[in-house]
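Participant: So that we are looking at the same thing, I have put the structure below in structure tokens.
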Amino acid sequence: MASADPRDADRLWLATLTVLYVEDDTTTRELLGHMLRRRVGRLLVAADAMAGLTLFGAEHPAIVITDIQMPKMDGLELAAAIRRLDAHVPIIVTTAFEQVGYLQRSIEAGVDKYVTKPVDTDKLDATLLACARLVRGEAELALARQHEVERLVDHEREALGLLSGGMAHDFNNLLQVLLAALEVATPLTQPTSELGELLLTALDSARQARELGAQLLTLSESWPAQMQVNSVAPTLRRALTAALSGGTTLLRMQLADNLPPVAQDVELLYRAWDAVATNAREAMGNAGVLTVTVQERTVLAGELAALPEGRYLSVTFQDTGPGLLPAVLPRIFDAYFTTKPRGSVRGQGLGLALCRAIVRRHHGIVTAASAPGEGAIFTVLLPVATSKGPA
């Protein structure tokens, strides 16, 4: 069996790339443009260097091809300007001149390849394939680095989960003894006595500590999930009603018809919905409008790195609060990260981290976004249930 031509992979990769072609001669531009369109994924064409630089800044093409001799700004000046914007994009220059001065300037401008005019299309094709190979190599290297970082992060998260899960179990076991003793001792005292009031305060704090222990177990993914396939609507409504009670926050729910079911632990998802709604209510100062939209969404292959392709249920929370600053977005789901003053609310900073942990256990993702004048937008994607249930 004949071995595969290694250029085939480069040619397939080239067919996905955006290429910028800058040439001031109309005839040459049209002829080479026709050849290039058959080889590249998308061709951007400019008739002068200034237009080419503008296109590069707006479109960020993967490869640049430019003539040298052009009015106002020549191709080597364009190459130097592009190189200041992007140190790695391959640049090919075409020219009818092979003077030493041009070659020296080409090196100084950071030009990768040099093709003389009249352009030999086979040579230009080979040069393009060589540039595509460079771009493909950099992309594969970047992807490998990303996968390695993700592997290390997952390993660290697993180790921290085991540690925090073990500590949470021990904490809960000790707390159970304390709670049992308090629940036995409290009725033996007069509620209005000093001792009775102290015991009631201790009992209340111990019960809150039990809730904190349950949250820590959920974050560590040690809490046993009880999965069942049904609609999210009842649990979602119940959580929203509880989270928004006692204030003037207006709730608007938009549920699409015939929503598909998901495999879910009802009580865990209740905690997730409650966390996002409570966060929105507090961001709006217990007022404003919270719009919750539930609909089905199809995720295509490669569309979202964290999810495989398939059918998903999308639950979007959009509030009318001040929104999220760009510096906040990368940390919004970190445990104990909060924009509120420290000490203002007991147990603050766990809600959104808890939500992410729960959604991850349901094989979904939660994302946060913010736009000027639109408040914060949180979107949860959960896989639609199949006959076999979740993976």
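Participant: Short version: ³J(HN,Hα) in whole Hz for each residue of the range 181-197, in order, from phi by Karplus 6.51 cos²θ - 1.76 cosθ + 1.60 (θ = phi - 60°), x for Gly and Pro, what are they?
Facilitator: Calculated HN-Hα couplings, in order: 5, 5, 5, 7, 6, 4, x, 7, 10, 6, x, 8, 6, 4, 5, x, 5 Hz.
Participant: What residues qualify as long-range amide H neighbours of residue 289, i.e. H under 5 Å apart, gap of 5 or more or another chain, H built at 1.01 Å from N?
Facilitator: Counting only residues 5 or more places away or on other chains, the set is 250, 320.
Participant: Here is a further query. Quick check: net charge around residue 124, other residues with Cβ under 11 Å of its Cβ, Lys/Arg +1 and Asp/Glu -1?
Facilitator: So the environment of residue 124 carries a net charge of +1.
Participant: Here is a further query. Amide H neighbours of residue 232 under 5 Å, at least 5 residues apart or on other chains, H built in the peptide plane: list them.
Facilitator: Amide H neighbours of residue 232: 262.
Participant: From the phi angles alone, apply the Karplus equation (6.51, -1.76, 1.60; θ = phi - 60°) to the range 309-324 and give each ³J(HN,Hα) in whole Hz, x where the residue is Gly or Pro.
Facilitator: Each residue's phi maps through the Karplus curve to give 5, x, 8, 9, 9, 9, 10, 10, 10, 10, 10, 10, x, x, x, 10 Hz.
Participant: Percent relative contact order of the range 224-327, based on C-alpha pairs within less than 8 angstrom and at least six residues apart?
Facilitator: 29 percent
Participant: Then there is this: Please give me, ordered by residue number, the trypsin sites (Lys or Arg not before Pro) of the range 36-73 that lie in loop per DSSP and have at most 13 other Cβ atoms within 10 Å.
Facilitator: Qualifying residues, ordered by number: 38, 72.
Participant: What does the net charge come to around residue 46 if you take all other residues with beta carbon closer than 13 Å to its beta carbon, with K and R at +1 and D and E at -1?
Facilitator: So the environment of residue 46 carries a net charge of -4.
Participant: At most 14 other Cβ atoms within 10 Å and a DSSP loop assignment: could you name the GluC sites (Glu not before Pro) in the range 238-303 that fit?
Facilitator: 303
Participant: Provide the gained length on full extension for the span residue 146 to residue 241, in nm with one decimal, where the gain is 0.36 nm per separating residue minus the Cα-Cα distance.
Facilitator: 30.1 nm
Participant: In sequence order, what are the phi-derived ³J(HN,Hα) couplings for the range 277-287 according to the Karplus relation 6.51 cos²θ - 1.76 cosθ + 1.60 with θ = phi - 60°, rounded to whole Hz, with x for glycine and proline?
Facilitator: 5, 5, 4, 5, 4, 5, 5, 8, x, 6, 9
Participant: Here is a follow-up. Where Lys and Arg each count +1 and Asp and Glu each count -1, what net charge lies around residue 73 among other residues with Cβ under 11 Å from its Cβ?
Facilitator: Details: positive: 72; negative: 24, 48, 74, 77.
Computed value for this residue: -3.
Each value in this text was obtained by applying a stated rule to the coordinates, not by laboratory testing. Every value quoted in this text rests on a predicted model; they were computed, and no experiment measured them. Quick reminder, even Gly has a Cβ in these numbers, built from the backbone with ideal geometry, and neighbours come from all protein chains shown.
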